[in-house]
Amino acid sequence: MSQTRLIAIEQDILAKNDSFAAVNRQLFAAKGVFVLNLMSSPGSGKTTLLTRTLTDLKGRFPMAVIEGDQQTSFDADRIRATGTPAIQVNTGRGCHLDAQMVTQAVGRLPVETGSVLFIENVGNLVCPAGFDLGEAHKVVVLSVTEGEDKPLKYPAMFAGADLLLVNKIDLLPHLTFDVARMIAYARQLKPDLRVIEVSATTGQGLEDWYGWIAAGLAKAVAGRGA
Ligand SMILES: Nc1nc2c(ncn2[C@@H]2O[C@H](COP(=O)(O)OP(=O)(O)OP(=O)(O)O)[C@@H](O)[C@H]2O)c(=O)[nH]1
Ligand SMILES: [Mg+2]
Ligand SMILES: [Zn+2]
């Protein structure tokens, strides 16, 4: 296939994605739903962080989850065990969620007015960055076992992020990971990137994450229908 033809196909795919993302964003704005697209490499702790978050924030506002993985419903099962509604989307050979998958999943979920919708993307630091899902913010999770160099190796992911959660900080005493250096690399790509250091297992730093969510939801609710 010629390069021009390939580029044309890619442009078609992204244009189609953007139109579904716009539909999603409009629906979320009308209902005052605060939507976060969580992305990371496999195993950084997205589901662990979510189950802890859902448990700790239970009763403060309604929440729902869309889980993206190539196969299995393990993660949606873990989420449902917290009592939160969750839909698993299996992408098969696909390596990211797209906006149309979110449109379809939202139709099957009780997404209440004034709620938070977490979307856990497929574990992959590359192409999920290219697909707008209609979210309010892109949140990147990077765990301290992955190496400080990841922002510079996967720049699109970090350049497009609104929040970086540095996870597994409970493991720092056993590692040589330089948190400050990693953050400096990430801020080369996104100078005003907000960073919160957390441990999904010990709970360290999670209050800041919860505060950030609550502030975002308040804004989404205040701007409802605007
Ligand atoms: N020590 C430590 N381990 C963690 C932490 N968060 C997650 N883990 C562990 O990391 C492993 C992967 O966690 P998951 O939550 O499944 O990671 P994920 O990002 O959802 O993985 P995928 O969905 O496969 O991309 C599990 O064994 C977790 O127990 C943390 O803060 N500290
Ligand atoms: Mg997961
Ligand atoms: Zn992909």
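Every number here is computed from the coordinates shown, using simple stated rules; none is lab data. Since the model is a prediction, treat every value here as computed from it, not as a measurement. As a convention, Cβ positions derive from the backbone with ideal geometry for all residues, glycine included, and neighbour counts pool all protein chains shown.
Listed values, structure above:
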item	result
Value of [θ]222 nm, deg cm²/dmol, for the chain, DSSP H segments ≥ 4, -39500 (n - 2.57) each, nearest 500	-13000 deg cm²/dmol
Cβ-based net charge around PHE74, under 15 Å, with every Lys or Arg adding one and every Asp or Glu removing one	-2
When each of LYS58/LYS190; LYS31/LYS150; LYS16/LYS138; LYS153/LYS219; LYS16/LYS58 is checked by Cα-Cα distance, pairs over 30 Å	LYS58/LYS190; LYS31/LYS150; LYS153/LYS219; LYS16/LYS58
Stretchable slack from THR201 to ASP56, in nm (0.36 nm times residue separation minus alpha-carbon distance)	51.0 nm
Relative exposure of LYS138, LYS153, judged by other C-beta atoms within 10 Å (fewest first)	LYS153, LYS138
Where N is the number of residues in the chain, Cα Rg divided by 2.2 N^0.38 Å	1.00
Exposure proxy ranking, count of Cβ atoms within 10 Å, fewest first, for SER115, SER40, SER19	SER19, SER115, SER40
Sites GLU10 and GLN188 - FRET efficiency at Förster radius 25 Å, r taken between beta-carbons, to 0.05	0.40
Charge tally in the Cβ shell below 12 Å around VAL221, where Lys, Arg are +1 and Asp, Glu are -1, VAL221 excluded	+2
Surrounding net charge for ALA184, when Lys and Arg each add one and Asp and Glu each subtract one, Cβ distance under 11 Å	0
The range 42-124 shape via C-alpha gyration tensor axes, a/c threshold 1.5	oblate
